[in-house]
Amino acid sequence: MMEHLLIVIAGPSGVGKGTVVKELFARNTDDSLALSVSCTTRSPRKGEVHGKEYFFLSEDEFMEIVKEKGFLEYDLHFAGSYGTPKRFVEETLKTKDVVAEVDVNGALNIKKSYPQAVTIFLAPPSLEELRRRLVGRGSEKEDEVTRRLARVNYECSLVGQFDHVVVNDNVKKTVDEIEAIVQKAKNGQ
Ligand code: 5GP
């Protein structure tokens with residue numbers, strides 16, 4: 001029986017999940033939230049730190065964890081694989097609410113194994129805005145941007161399977177809405 005909430009934030013690449021999660025934690029002054037740090041086989045971007053944004057692993061290290069069934073969910077996509085470490089989430093849920101920021105497939109897979117999880121789909125205000133953000137970020141090469149955008153239609157087609165949808169047109173408003181969703185879930189509403 002899960003004592004605390006697993007809050008899963010997902011949405012297309014470039015929708016602003018990272019910024020939203022940062023703001024959510026900046027407001028979490030009572031330290032009641034913990035962030036699930038994922039494992040990935042992609043290379044670190046400039047400024048990313050092992051253990052903070054991700055645990056950066058080799059393919060072999062990643063597959064070792066897959067074999068040990070150490071991921072709550074994992075997905076092999078884009079230029080690398082991504083997985084949510086199971087033990088951290090299970091242990092931390094005993095004392096805190098846990099936030100996992102994953103892709104759309106990952107969120108739906110988590111919901112399958114933890115139906116109590118609260119899944120939130122962050123939607124872009126528009127496709128044009130999403131394209132602008134992905135290109136503006138400048139961290140991916142052009143073919144990678146194209147690949148990520150091609151995935152957006154598929155990801156948006158799964159929105160109906162989420163518990164909640166929040167349009168991310170303003171970070172503060174988005175986080176207000178997420179906090180309200182969490183509060184309601186905690187009150188059993
Ligand atoms: P990025 O390479 O931009 O950091 O992340 C690419 C995508 O992978 C994003 O949509 C991100 O949310 C997703 N992602 C990050 N961690 C995980 C994870 O543990 N599992 C899954 N399924 N997706 C993840």
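No lab work stands behind these numbers, since they all come straight from the coordinates. No experiment lies behind these values; they were computed from the predicted model shown. A quick note on method: Cβ atoms are made from the backbone with ideal geometry, for glycine too, and the neighbour counts reach across all protein chains shown.
Per-structure values
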quantity	calculated
Cα convex hull of the chain, projected area averaged across orientations, nm²	10.6
Within the chain, helix-based [θ] at 222 nm, where runs of 4 or more DSSP H residues each add -39,500 (n - 2.57), nearest 500	-12500 deg cm²/dmol
Neighbour cut-off at most 14 other Cβ (10 Å), DSSP loop, trypsin sites (Lys or Arg not before Pro), segment 118-148	K141
Counting DSSP beta bridges with both ends in segment 6-186, the antiparallel % (nearest 5)	30
Label-point separation, R42 to E128 (7 Å along Cα→Cβ), nm	2.6
Per-residue ³J(HN,Hα) for segment 3-19, Karplus 6.51 cos²θ - 1.76 cosθ + 1.60, θ = phi - 60°, Hz, x for Gly and Pro	8, 10, 8, 9, 9, 10, 10, 9, x, x, 4, x, 6, x, 4, x, 5
Most mobile listed residue (G18, G83, G160) in the chain, GNM with C-alpha springs under 10 Å	G160
Full-stretch length increase - V135, K94 - with 0.36 nm per residue and alpha-carbon distance subtracted	10.8 nm
Residues in segment 82-104 reached by a label modelled at S58 [backbone nitrogen below 18 Å; 7 Å Cα→Cβ]	82
By average C-beta atoms within 10 angstrom, highest first, the peptides 21-31, 93-103	93-103, 21-31
Whole-Hz couplings from phi, Karplus 6.51/-1.76/1.60, listed for segment 171-186; x for Gly and Pro	4, 4, 5, 4, 5, 4, 5, 5, 4, 5, 4, 5, 4, 4, 4, 5
Reach of K52 by Cα under 15 Å, taken over aspartates and glutamates that are not fewer than 8 positions away in the same chain	E101
Distant-in-sequence amide H partners of Y54 (H built 1.01 Å from N, under 5 Å)	V49
Residue-wise HN-Hα coupling along segment 34-44, computed from phi with Karplus coefficients 6.51, -1.76, 1.60 (Hz; x: Gly, Pro)	10, 9, 7, 8, 7, 9, 8, 9, 6, 6, x
Gaussian network model of the chain, springs between alpha carbon atoms under 10 Å - residue of I110, I120, I65 with greatest fluctuation	I65
Positive-pole candidate from Y74, V37, N168, dipole of the chain, charges at beta carbon	N168
Those lysines that a straight Cα-Cα span of less than 18 Å connects to K186, excepting residues fewer than 8 apart in one chain	K94, K96, K111
